Amino acid sequence: MSKIDFTGRVAIVTGAGAGLGRCHALEFAKRGAKVVINDLGGTRDGVGSSDAAANKVVEEIKALGGEAVPNYDNVATVEGGKGIVQTAIDAFGKVDILVNNAGILRDSAFHKLEEENWDAVVGVHLRGAYCVTKPAFINMRENGYGRIVMTTSGAGLFGNFGQANYSSAKAGVAGLANVLKLEGAKYNIKTNVLIPVAASRLTEDVLPPDLFAKLKPDLITPLVLYMCSEQCEDSGVMINAALGYFSRSAIMTGPGAILSDGEKIPTPEEIMESWDKIMSLENPKFFNQVFDMFGELGPLLS
Ligand code: NAI
C-alpha cells in the first residue's frame, strides 16, 4: 500500500478554525502539507468575526512541528476568496489542495424563511465555493495539478425538514463539482464531494446527545485526505462518511420507457399508464455528463 504523503503540497482549508475543518487541517499538516487555516471566526449563524479560531489552529499545528498560516477572510465574497488563495501563494507559492468546508446554519421552515437567511446561507456555502474555488482553480490549472473537496450534506442530496436554504446551497456545491470534474480533467484537477455527519457546533442541537458524543469529526478526515491525495484518481464522486462508515452516493438513471417514435407526442394518459416503468430504478446507469443521456435515445435518433 503506498503511503499518502503531502510533503511539498500546499492545502487551503476554509472554516478550519473548528469542527471538521480543524481536523482536516491538522491531519494535512501532520502528513507534511503546508496549510492555510482560513476562518472568519463568526457565530454559528454567521454573525461577527474574530481572528482567534484560525490563530488557535495555526498554533496547534506549529506545536506539532507543522507549517501553517492563518487567514481571516470571508469565503462569501470575491475579495475574500482571492485573499485566501493569495495567502497561500504569498506564504507557500501555490495551491495544490482546497477543501471547501466553511459553513453556517440559519434553519427555518420554508414558509417562514426570510430573504436575509436565504442569502446568508447560500452566500457562505454556494457563493463561498465559487469565490474561493475560482482563484484556486486558476492556480491549479497553471500548475497542472489540483485536488478539491466540496463539503455537501445529506440535507441537500436527500432532504431535511427546515433546511431549505442550506439544502439548496449544499446541492449546488455538488453541481459545481460535476462541472469542475470535467473542466479540471485535462489539468489533473480532481474534484470530489464529502457528505459528512459529525459532532460540531452546527449539529449539537440537531443530533441526540448519545449519538453526538460518538460522531467524532476525526472519523471523517481520512476520507478527505485520500480524496486530496495524488493517489486518488476519481473525480466527481460523492462519498458519505460517519462513524467510520463510508459509501458512495450517486445520481443514477433508470432504464425508462420509450413512448414515441421521436415524432408522435405521447399523451399524459400514456405517461400515467407507463408511470411504473418511468419510475423504475432497476439496473440504473450513471451519466458522467449530461450528453451521456443521448446514448439511451438510440432508437429515437436513428
Ligand atoms: P463548524 O461550525 O464547527 O465549522 C465551520 C467553520 O466555518 C467555523 O469555524 C466558522 O467560523 C467557519 N465559517 C463560517 N462562515 C465562514 C465564512 N463566511 N468564511 C470563513 N469561515 C467561515 O461546523 P462543521 O460541522 O465542522 O461544518 C463544516 C462543514 O461541514 C460545513 O460546510 C457544514 O455545512 C458541513 N457539514 C457538516 C455536517 C456535520 O454533521 N457536522 C453534516 C453535513 C455537512
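Nearest 20 debye, what's the magnitude of the dipole of the chain about its Cα centre given +1 on Lys and Arg Cβ and -1 on Asp and Glu Cβ? Let's see the in-between values first.
On the way: 28 positive and 35 negative charges, 209 e Å.
Dipole magnitude for the chain comes out near 1000 debye.
Comparing Asn139, Asn38, Asn283, which has the greatest mean-square fluctuation in the GNM of the chain with Cα pairs linked when under 10 Å apart?
Largest GNM mean-square fluctuation: Asn283.
In debye, nearest 20: dipole of the range 90-205 around its Cα centre with unit charges on the Cβ of K, R (+) and D, E (-)? Don't skip to the end; give the middle numbers.
On the way: 12 positive and 11 negative charges, 108 e Å.
Magnitude of the dipole: close to 520 debye.
Using the Cα centre as the reference, give the magnitude of the dipole from point charges on the C-beta atoms of the range 228-302 (Lys, Arg: +1; Asp, Glu: -1; all else neutral), rounded to the nearest 20 debye. Mind dumping the intermediate values first?
Working: 4 positive and 12 negative charges, 39 e Å.
Here the range 228-302 has a charge dipole of around 180 debye.
According to the square roots a ≥ b ≥ c of the eigenvalues of the Cα gyration tensor, what is the shape class of the range 217-302, taking rounded for a/c under 1.5, prolate for a/b larger than b/c otherwise, and oblate for the remainder?
Prolate, because a/c is 1.5 or more and a/b exceeds b/c.
In square angstrom, what is the accessible area per residue of the chain with a 1.4 angstrom probe? Walk me through the numbers on the way to the answer.
Values: 15550 Å² over 302 residues.
Per residue, the chain has 52 Å² of solvent-accessible surface.
Can you send over the carbon and sulfur percentage of the accessible area for the range 252-302, probe radius 1.4 Å, protein chains only?
Numbers: 2630 of 4240 Å².
Carbon plus sulfur share of accessible area: 62 percent.
Once every DSSP H run of n ≥ 4 in the chain is given -39500 (n - 2.57) and the sum is divided by its residues, what mean residue ellipticity at 222 nm do you get, rounded to the nearest 500 deg cm²/dmol? It would help to have the intermediate numbers written out before the result.
Working: 12 runs with 115 residues, N = 302.
Here the helix-only value at 222 nm equals -11000 deg cm²/dmol.
Which of rounded, prolate or oblate describes the range 10-249 when judged by the alpha-carbon gyration tensor and an a/c cut-off of 1.5? Please report the intermediate quantities before stating the final value.
Working: a/c = 1.32, a/b = 1.25, b/c = 1.06.
Rounded shape, in that the Cα axes give a/c under 1.5.
Order these peptides, 205-213, 99-107, by their mean beta-carbon neighbour count within 10 angstrom, highest first.
99-107, 205-213
Normalised by the number of residues in the range 10-249, what is the relative contact order in percent for Cα pairs under 8 Å and 6+ residues apart?
Details: 516 pairs, mean separation 43.7, N = 240.
The value is 18 percent.
Mind ranking 268-277, 154-163 by how tightly packed they are, going by the mean number of other C-beta atoms within 10 angstrom, highest first? Each step should come with its number before you reach the end.
On the way: 268-277: 11.3, 154-163: 16.7.
Packing proxy ranking, top to bottom: 154-163, 268-277.
With a ≥ b ≥ c taken as the square roots of the eigenvalues of the C-alpha gyration tensor of the range 252-302, please select rounded if a/c is under 1.5 and otherwise prolate if a/b is larger than b/c or oblate if it is not?
Details: a/c = 2.66, a/b = 1.24, b/c = 2.15.
Oblate, since a/c reaches 1.5 and b/c is not below a/b.
Compute the signed sum of charges (Lys and Arg +1, Asp and Glu -1) over the other residues within less than 15 Å, Cβ to Cβ, of Thr267. Kindly include the intermediate steps, with their values, before the conclusion.
Details: positive: Lys264; negative: Asp261, Glu263, Glu269, Glu270, Glu273.
Neighbourhood net charge equals -4.
Select from Ala109, Gly162, His125 the residue farthest towards the positive end of the dipole of the range 10-249; place +1 on Cβ of Lys and Arg, -1 on Cβ of Asp and Glu, and compute about the Cα centre.
His125
At 18 angstrom or more along the helix axis (alpha-carbon based) and mean Kyte-Doolittle of 0.0 or higher, what helices does the chain contain? Whole DSSP H runs only.
Answer set is 78-92, 164-183.
Of the listed pairs Lys112/Lys216; Lys264/Lys285; Lys56/Lys216; Lys94/Lys134; Lys62/Lys181; Lys170/Lys190, which have alpha-carbon separations greater than 24 Å here?
Lys112/Lys216; Lys264/Lys285; Lys62/Lys181
Quick one: which of 251-260, 121-130, 20-29, 142-151 comes out on top by average Cβ neighbours within 10 Å, and what's the full order, highest first? It would help to have the intermediate numbers written out before the result.
Working: 251-260: 13.6, 121-130: 23.8, 20-29: 26.2, 142-151: 21.5.
For the peptides 251-260, 121-130, 20-29, 142-151, the packing ranking is 20-29, 121-130, 142-151, 251-260.
The values are calculated or read from the model by the stated rules, or taken from the named source; none is laboratory data. As the structure is a computational prediction, the values presented were derived from the model and not from experiment. Heads up, the Cβs are rebuilt from the backbone with ideal geometry, glycines too, and the neighbour counts pull from every protein chain shown. Heavy atoms of the whole protein, side chains included, go into the accessibility calculation; ligands, DNA and RNA do not. Shrake-Rupley method; radii C 1.70, N 1.55, O 1.52, S 1.80 Å.
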